[in-house]
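**Student:** Here it is: the structure, laid out below.
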Amino acid sequence: MSNSFVVEKSAEGQIAILKLAGFLDAHTAPEFEAAMQGLIDEGKNRIIVECSGLTYISSAGLGVFMGFVEDIRDRGGDIKICSLVPKVQQVFELLGFHQLFHIVGSLPEAVQKFEHSPVWEE
Amino acid sequence: MATIEKRFVLQVPSSTRNLALVREFVGSVGQQAGMEASEVAKLQLAVDEACSNVIEHAYCHDDTQEVVIRVSFDDAEMRFDVIDTGCCFDPHAIAQKDLDQLIAERRKGGLGLRLIQSLMDEVQYEIEPGKKNQLHMVKRLRKDPTA
């Protein structure tokens, strides 16, 4: 039975990277939330969430993005999302996340996005 | 010609640790109904959302309570009932805001019912105050009639 979830932290220059893998649901979302809060506490406001290993997401996982992004943008930063597998991307799109977040295909593209569009502009 | 209905029931303690079990159960029944993997994934997500709502809102994370998931299908449709005996809540009251509005309010919730409604063909709540709450969902099976 699959309910494992892993979040790994790394960095590329001033950009913090959270790499998610496994199942992100109401049971595992607190782990993601804690990792995100840890970055906020460290004063990071440029965050990439890399999702190539993420095989499942429910609204509890999406809620973590929602709960943090406005504060991060208020501080001049942003959350960029990259490398979604099709099944997970479908859930993001179903709720309209692609209209409110920069979602790109790969980690290098996400890094580049911070260079060209560091802040979210509607 | 009359079709035979197949029925399945899962009863689990009201804990988020059981969401994986719920998804496996729904996945297994969806496969038996002959649904494609991508459609099965949508059913798993919808029932996960329904159970997560029960655990959080109806039972307030009290894992001594139980959630019942009933699934049945015939040739025409799959029917899901998620039943609890917790406090009733109006799910529509927490799901009517736009996503950008929820983000502006730093809200983490409010998306579950919206997902359920976009994934299922029919969604209905039956609330019997003090007795039970039942979320009824229907997914019509798209089978090729010439097959």
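The values are calculated or read from the model by the stated rules, or taken from the named source; none is laboratory data. Predicted model only: the values in this text are computed from it and were never measured. Every residue, glycine among them, receives a Cβ derived from its backbone with ideal geometry; neighbour counts consider all protein chains shown.
**Student:** Got a sec? Which of A:V7, A:V111 is hydrophobic (A, V, I, L, M, F, W, C) and under 29 Å from B:F25 (Cα atoms)?
**Tutor:** A:V7
**Student:** Criterion first (within 10 Å of chain B (Cβ to nearest Cβ), farther than 23 Å from B:L45 by Cα and not aliphatic (A, V, I, L, M)) does A:D71 satisfy it?
**Tutor:** Yes; evaluated as a whole, the condition is true for this residue.
**Student:** Suppose we filter A:Q90, A:Q37 for residues that are of a type in the set (S, T, N, Q), surrounded by fewer than 19 Cβ atoms within 10 Å (Cβ to Cβ) and more than 30 Å from B:S38 (Cα to Cα); which single one remains?
**Tutor:** A:Q37
**Student:** Also: Could you tell me whether region A:96-109 includes any residue that is out of contact with any Phe, Trp or Tyr (no Cβ under 8 Å at 6 or more places or on another chain), within 14 Å of chain B (Cβ to nearest Cβ), within 24 Å of B:A41 (Cα to Cα) and modelled with pLDDT of 95 or more?
**Tutor:** No - not one qualifying residue is present in region A:96-109.
**Student:** Which of the residues that make up region A:40-52 are surrounded by fewer than 23 Cβ atoms within 10 Å (Cβ to Cβ) and touching a Lys or Arg at 6+ places or on another chain (Cβ under 7 Å)?
**Tutor:** Result: A:N45, A:E50.
**Student:** Next up: Which fully enclosed strands (runs of 3 or more DSSP E) of region B:1-116 have 1 or more residues being within 15 Å of B:N133 (Cα to Cα) and among the charged types (D, E, K, R)?
**Tutor:** B:66-73, B:77-84
**Student:** Continuing with this model, one more query. Answer yes or no as to whether A:Q112 is more than 24 Å from A:A34 (Cα to Cα) and away from chain B (no Cβ under 11 Å).
**Tutor:** So A:Q112 fits the description; yes.
**Student:** Condition test on A:E93, is it within 11 Å of chain B (Cβ to nearest Cβ) and touching a helix residue (DSSP H, G or I) at 6+ places or on another chain (Cβ under 7 Å)?
**Tutor:** no
**Student:** Related question: Have a look at B:D84, B:D48 and point out the one that is buried (at least 21 other Cβ atoms within 10 Å of the Cβ), within 25 Å of A:P86 (Cβ to Cβ) and among the charged types (D, E, K, R).
**Tutor:** Residue meeting the stated conditions: B:D48.
**Student:** Additional query: Name the residues in region A:20-65 that are more than 14 Å from chain B (Cβ to nearest Cβ) and over 26 Å from B:E105 (Cα atoms), would you?
**Tutor:** A:A21, A:S52, A:G53
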